[in-house]
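Trainee: Attaching a single structure in structure tokens format; questions to follow.
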Amino acid sequence: MSRLTVSALAFCAGLFAITGASAEECLKVTLTGTQGGPPVFQGQAGAGTLVQYGSAENQCKDVQLQFDTGRGTTQRLSQAGVPVGQLDAIFITHLHSDHTEGLGDMMQLRWHFNSRGPKVDLVCSEETRSPLGFALSCERFAAHIGDALIKSGEMAQRLAENNKRLPGGPADLIEVRDFKPSDDIAEVWSKGDVRVSAIRSTHIPGHASYRVDTPAGSVVIGGDAGNDVRTPPRATSTSDQVETLSQGADILVHSTIHPVMGPDGGTGFPPPIYFRQSNASDLGSLATRAGVKKLMLTHLIPPVGAARQGPYKLPDGALSENDYLDAVSASGFEGETVVGSDLASLTLSRTE
């Protein structure tokens, strides 16, 4: 065999090894904030989930999506090694402040250092009118995201320091892609092999739940969804729409309330707020029926280790991680359960 042939074979073997390594695709799901509702406990960030897809070589960073943007999202993304300027899209489940108040910080940071773009897609429900007569508008929220800084003169000062920044502030870097959620699953965003679909779900008007499908796996982000029937008697506290969206999913990320917060738990927690959340046991049952492999509990009410939820004191003291695990196990769910903490993550991989 000639030296040239041996060299060629060695080159091909090396190329095959490189190709084989790069063929491993991965889906990584990271909780960027697990605080349940507006209270603050031990510095937990507000609700949010980072979903990343790509190759093992680039640590799943080909496509990076942020679902909800509670307070502290920028800090958690920094800890996860994801500059806000590298996000491909941001998805909002609903316009409660504990799910959105970090967006202004994120977009202001992009405006400072990424004013030349690209814009980031903001995917959310179209303007929805409440039965009480007011409207919830993601588009208006985005348009006015920098108003406080504009009105205070801070924006003008920053523009004086660097006139290459966009004159309209962070709103100029947002591309709103709103949609009308329905009971039928519909695709709302895509890039390459990544598809994001959505369905209507019940919490407040305009609430939507999302599913991300990739060649490496799938994840559903339920948000704060609950059952359309807001009070007992009902079969479950969970959303029928989220259950439909979750069929065959690898991972379900969902807000969670522990049964101790119910009317019989002695906390004094308002029953209407309790009943509009999905409880831990019912989420385990949903995951079993839908064939979900891994359940990530987030937006925990109450937080693990907290003696109270806001002003509502737990009569028997703080809950542990095992209290949440036991509530899920009582449902018969046999998959993996992650009791969420900030930056907890799961990674799925597939080799072609």
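The values are calculated or read from the model by the stated rules, or taken from the named source; none is laboratory data. Since we're looking at a predicted model, the values are computed, not measured. Positions of Cβ are generated from backbone atoms using ideal geometry, with glycine treated the same way; all protein chains shown enter the neighbour counts. Heads up: the accessible areas ignore ligands, DNA and RNA and are worked out on the full protein's heavy atoms, side chains in. Shrake-Rupley method; radii C 1.70, N 1.55, O 1.52, S 1.80 Å.
Trainee: For the range 115-132, check the following and say yes or no: at least one residue is exposed (fewer than 14 other Cβ atoms within 10 Å of the Cβ) and part of a strand (DSSP E or B).
Mentor: yes
Trainee: From His94, His99, which residue is part of a helix (DSSP H, G or I) and open to solvent by less than 50 Å² (accessible area, probe 1.4 Å)? Working first, answer last.
Mentor: Numbers: His94 fails: part of a helix (DSSP H, G or I).
Only one candidate qualifies: His99.
Trainee: Suppose we filter Asp323, Asp316 for residues that are part of a helix (DSSP H, G or I) and out of contact with any Phe, Trp or Tyr (no Cβ under 9 Å at 6 or more places or on another chain); which single one remains? Give the steps one after another, and end with the answer.
Mentor: Numbers: Asp316 fails: part of a helix (DSSP H, G or I).
Testing whether each residue is part of a helix (DSSP H, G or I) and out of contact with any Phe, Trp or Tyr (no Cβ under 9 Å at 6 or more places or on another chain) leaves just Asp323.
Trainee: Within the set of pairs 6 or more residues apart or between chains, which connect a residue that is free of Cβ contacts under 8 Å to residues at least 24 places away in the same chain and open to solvent by 80 Å² or more (accessible area, probe 1.4 Å) inside the range 311-333 to a residue that is in a strand (DSSP E or B) and not aromatic (Phe, Trp, Tyr) with Cβ atoms less than 8 Å apart?
Mentor: Glu321/Val339
Trainee: Condition first: assigned to a helix (DSSP H, G or I) and either surrounded by fewer than 19 Cβ atoms within 10 Å (Cβ to Cβ) or without any contact (Cβ under 8 Å) to a residue 24 or more places away in the chain (or both). Now tell me which residues in the range 75-84 satisfy that. If you could, list the steps in order and put the result at the bottom.
Mentor: Of the residues in the range 75-84, the ones assigned to a helix (DSSP H, G or I) are 75-79, 84.
Scanning the range 75-84 gives Gln75, Ser78, Gln79.
Trainee: What pairs can you find where one residue is in the range 47-59 and in contact (Cβ under 8 Å) with a residue 24 or more places away in the chain, the other is surrounded by fewer than 21 Cβ atoms within 10 Å (Cβ to Cβ) and basic (Lys, Arg), and their Cβ atoms are less than 7 Å apart, with a gap of 6+ or different chains?
Mentor: Gln52/Lys61; Gly54/Lys61
Trainee: Select, from Gly169, Gly153, Gly146, the only residue that is without any contact (Cβ under 8 Å) to a residue 12 or more places away in the chain and open to solvent by less than 60 Å² (accessible area, probe 1.4 Å). Outline the logic, then answer.
Mentor: Details: Gly169 fails: without any contact (Cβ under 8 Å) to a residue 12 or more places away in the chain; Gly146 fails: without any contact (Cβ under 8 Å) to a residue 12 or more places away in the chain.
Gly153 is the lone residue from the list that is without any contact (Cβ under 8 Å) to a residue 12 or more places away in the chain and open to solvent by less than 60 Å² (accessible area, probe 1.4 Å).
Trainee: Turning to a different aspect of this structure: Taking only the range 199-213 into account, find how many residues are part of a strand (DSSP E or B), of a type in the set (Ser, Thr, Tyr) and either more than 23 Å from Lys28 (Cβ to Cβ) or over 16 Å from the mean Cα position of the chain (by Cα) (or both). I'd like the intermediate steps shown before the answer.
Mentor: Of all residues in the range 199-213, those part of a strand (DSSP E or B) come to 199-200, 202, 208-213.
After this cut, where a residue has to be of a type in the set (Ser, Thr, Tyr) as well, the list is 202, 209-210.
Those still in the list that are either more than 23 Å from Lys28 (Cβ to Cβ) or over 16 Å from the mean Cα position of the chain (by Cα) (or both) too: 202.
Residues flagged as part of a strand (DSSP E or B), of a type in the set (Ser, Thr, Tyr) and either more than 23 Å from Lys28 (Cβ to Cβ) or over 16 Å from the mean Cα position of the chain (by Cα) (or both) within the range 199-213 amount to 1.
Trainee: What's the total number of residues in the range 39-70 that are part of a loop (DSSP other than H, G, I, E, B), surrounded by fewer than 24 Cβ atoms within 10 Å (Cβ to Cβ) and in contact with a helix residue (DSSP H, G or I) (Cβ under 8 Å, 6 or more places away or on another chain)?
Mentor: Going through the range 39-70 one residue at a time, the tally reaches 3.
Trainee: For the range 219-249, name all the residues that are surrounded by fewer than 24 Cβ atoms within 10 Å (Cβ to Cβ) and either within 20 Å of Ser349 (Cα to Cα) or without any contact (Cβ under 8 Å) to a residue 24 or more places away in the chain (or both).
Mentor: Once the filter is applied, which keeps residues that are surrounded by fewer than 24 Cβ atoms within 10 Å (Cβ to Cβ) and either within 20 Å of Ser349 (Cα to Cα) or without any contact (Cβ under 8 Å) to a residue 24 or more places away in the chain (or both), the range 219-249 yields Val229, Pro233, Arg234, Ala235, Asp240, Gln247, Gly248, Ala249.
Trainee: Consider His112 against the criteria (1) in a helix (DSSP H, G or I); (2) at pLDDT 95 or above; (3) of a type outside the set (A, V, I, L, M, F, W, C): it satisfies all of them except one. Which criterion is unmet?
Mentor: All conditions are met except number (2).
Trainee: Name the residues in the range 265-284 that are part of a helix (DSSP H, G or I) and open to solvent by less than 40 Å² (accessible area, probe 1.4 Å), would you?
Mentor: From the range 265-284, those part of a helix (DSSP H, G or I) are 271-275, 280-284; that's our starting set.
Hits for the range 265-284 are Tyr274, Phe275, Ala280, Ser281, Asp282, Leu283, Gly284.
Trainee: Still on this structure, I have one more. What pairs can you find where one residue is in the range 32-44 and under 17 Å from Leu297 (Cα atoms), the other is among the hydroxyl-bearing types (Ser, Thr, Tyr) and open to solvent by 50 Å² or more (accessible area, probe 1.4 Å), and their Cβ atoms are less than 7 Å apart, with a gap of 6+ or different chains?
Mentor: Thr34/Ser341
Trainee: Looking at the range 21-38 only, could you name the residues that are among the small types (Gly, Ala, Ser), within 19 Å of Val339 (Cβ to Cβ) and outside any loop (DSSP other than H, G, I, E, B)? Before you say what the answer is, go through the steps one by one.
Mentor: In the first step, residues of the range 21-38 are kept if they are among the small types (Gly, Ala, Ser); the result is 21-23, 33, 36-37.
Among the residues that remain, those that are also within 19 Å of Val339 (Cβ to Cβ) are: 33, 36-37.
Correct list: Gly33 only.
Trainee: Report yes if Ser349 is of a type outside the set (Val, Ile, Thr), open to solvent by 20 Å² or more (accessible area, probe 1.4 Å) and assigned to a strand (DSSP E or B), otherwise no. Explain how you work it out, then say what you get.
Mentor: Details: of a type outside the set (Val, Ile, Thr): yes; open to solvent by 20 Å² or more (accessible area, probe 1.4 Å): yes; assigned to a strand (DSSP E or B): yes.
Here the answer is yes, as Ser349 does meet what is asked.
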